[in-house]
Amino acid sequence: MQHNGWDHALKVTAEGAGLVGHAGAVLLRKAADQAGLTAQLSGALRVKGSSPAFDRGTVLVSLAAAIALGATSMSDIALLAHLAPVLGDAPSGPTVRRALDLAGTAAALDRIARARAKARAHVWKLIQGTPAGFPWLEIAGKTLAGWLVTDMDATLVTASSDKEGAAPTWKKGYGFHPLGAWCASTRECLAMLLRPGNAGSNTFTDHKEVLAAALRQVPARFRRRILVRVDGAGASHELVEHLISLSSPRKTVLFTCGWMITGADEAAIMQVPQDAWKPGISQDGEAEEEKDVAEITHLMSRAGKWPGGLRWIARRVKPSRRQMPNLTAYEKKTGWRYSITCTNIPGNGITGVPGSHHPQYIDVAHREHAVVETGGVRAAKAMGLRNLPSKTWQVNAGWVIAANIAADLAAWTRLLGCHDDEELRDADPGTLRYRIWHIPARLARHARQRTLAISPDWPWKQAFLTCWQRLCALPAPA
């Protein structure tokens, strides 16, 4: 057998001293402390007459850091015991469970939400003050400056054992069906509602609750212009009416949502003149081939049953082989697959965004909602939501909020500590773990000082050091 001899005279032991793995945890913890989140959560989870050995707010932040590092169960908090010389004693698995059981109560969830909102207001002010500024969303080459885009979506979390609240899902699986709302600019999970697996995709009361919770997380100065995007599975008549009602003289709420096409809608599409179909545009603003867009508002027979001010944008694409079996008779006849977007973006477009009144722009703005599947849902599953670790609903509700906090800490660390690094500023959880979170280090003590030393050969050593220095320099919240 041929080999290169790399293991010649190699001895492996467990006798290393002063070693620290996953040193990136110090960045996550520093971000939480500097933002004031640790202190805010400590107050939110304080119980009168109780003096636990571990502050519950610190436990929740520690668990969130562990989740960002890759923890998938409460026992994975043991990872932080390895970091005890740096971060202090780590809580045990049972301590984490008690903290989650407390955090999962309705009263505690409300207090935690207020604590997160207060810390977020401070962080977003700091992000605005960086040279990069706030990361306003860019669609088709145009920046939506001043417009906060919120994406709503539900996802399935499989349960491999019997757990409280788990139920059969619409995909014939078994587990939970949480509904979340994400900030598209920062990829923070603003709010999430844990639901049984058989919860409906378009349940209005759930969408109303999650959206309200998400908007409460947004600092007041960012609430004046909101764009909400919902896919077709979550759209309903009640939700559209509610979204319209949110606008006021001091606040503008626009939305785009998917539309369930009926025979009447196909009849409207049939009336579109061939020359009215215009090429769709991609996210970089380039024209697309065999993908056309047209406004059909004036042709919609159902428009009279809906609130005034709505517009309907039709899109047609050449179907893939996988989509062929699901086409309607009309689609098979025309050779196109159709979809419709409903919106209240007015005829003069989105304020401050030239050209946003065009059907092509509205189409691409709504289709960009699909990034929630990667930057939101998949990122959430990569940070704690691939599995819910407990048999009890309340503990799992606490775990969900810890996973949301993990997403917050990852976003804050990226945007405050790596704002000038194009690769790390927008990196996904896997990239951050590989390059920053899981970096090895050695802890040395000398002259009453502790030094956490990373290898000078680590490819991203400068990014790590710069991030730490920037986080240390952040001003404390007022």
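Which members of segment 49-76 meet the condition of being in contact with a Ser or Thr (Cβ under 8 Å, 6 or more places away or on another chain) and of a type in the set (Asp, Glu)?
ASP55, the sole residue that qualifies.
Quick check on my filter: what residues within segment 307-336 are of a type in the set (D, E, K, R), open to solvent by 40 Å² or more (accessible area, probe 1.4 Å) and touching a residue at least 12 places away in the same chain (Cβ under 8 Å)? Talk me through it step by step, then tell me what you get.
From segment 307-336, those of a type in the set (D, E, K, R) are 311, 315-316, 318, 321-322, 331-333; that's our starting set.
Going one step further and asking which of them are open to solvent by 40 Å² or more (accessible area, probe 1.4 Å), we end up with 318, 321-322, 332-333.
LYS318 - this is the single residue of segment 307-336 that is of a type in the set (D, E, K, R), open to solvent by 40 Å² or more (accessible area, probe 1.4 Å) and touching a residue at least 12 places away in the same chain (Cβ under 8 Å).
Looking at segment 424-453, which of its residues are polar (S, T, N, Q) and under 14 Å from LEU465 (Cα atoms)?
Scanning segment 424-453 gives a single hit, THR451.
Search segment 230-263 for residues being touching a residue at least 60 places away in the same chain (Cβ under 8 Å) and polar (S, T, N, Q), and hand back the single one that is nearest to PRO219 (Cα to Cα).
The qualifying residue nearest to PRO219 (Cα to Cα) is THR252.
Only one of (1) touching a strand residue (DSSP E or B) at 6+ places or on another chain (Cβ under 9 Å); (2) open to solvent by less than 20 Å² (accessible area, probe 1.4 Å) is not met by GLY349, so which one is it?
Looking at each condition in turn, GLY349 falls short on (1).
Can you name the number of the only condition in (1) surrounded by 12 or more Cβ atoms within 10 Å (Cβ to Cβ); (2) within 30 Å of LEU137 (Cα to Cα) that ALA303 fails?
It is condition (2) that ALA303 fails.
What number of residues within segment 357-375 are more than 23 Å from HIS242 (Cβ to Cβ) and modelled with pLDDT of 90 or more?
Final tally of qualifying residues: 7.
Please work out which residue is most open to solvent (accessible area, probe 1.4 Å), limiting yourself to segment 191-202 and to residues that are free of Cβ contacts under 8 Å to residues at least 60 places away in the same chain and within 25 Å of ARG114 (Cβ to Cβ). Let's see the steps before the verdict.
Filtering segment 191-202 down to residues free of Cβ contacts under 8 Å to residues at least 60 places away in the same chain leaves 193, 195-202.
Next, from what is left, pick out any that are within 25 Å of ARG114 (Cβ to Cβ): 193, 195.
On the way: LEU193: 37, ARG195: 6 Å².
That would be LEU193.
Going by what's in this entry, would TRP259 be described as over 18 Å from THR343 (Cβ atoms), in contact with a strand residue (DSSP E or B) (Cβ under 8 Å, 6 or more places away or on another chain), surrounded by 15 or more Cβ atoms within 10 Å (Cβ to Cβ) and among the hydrophobic types (A, V, I, L, M, F, W, C)? Working first, answer last.
Values: over 18 Å from THR343 (Cβ atoms): no; in contact with a strand residue (DSSP E or B) (Cβ under 8 Å, 6 or more places away or on another chain): yes; surrounded by 15 or more Cβ atoms within 10 Å (Cβ to Cβ): yes; among the hydrophobic types (A, V, I, L, M, F, W, C): yes.
So TRP259 fails the test.
The values are calculated or read from the model by the stated rules, or taken from the named source; none is laboratory data. Computed from a prediction, not measured in an experiment: that's the story for all the values here. With ideal geometry, Cβ positions are generated from the backbone for all residues, glycine too; neighbour counts draw on all protein chains shown. For accessibility, only protein heavy atoms count, side chains too; no ligands or nucleic acids. Shrake-Rupley method; radii C 1.70, N 1.55, O 1.52, S 1.80 Å.
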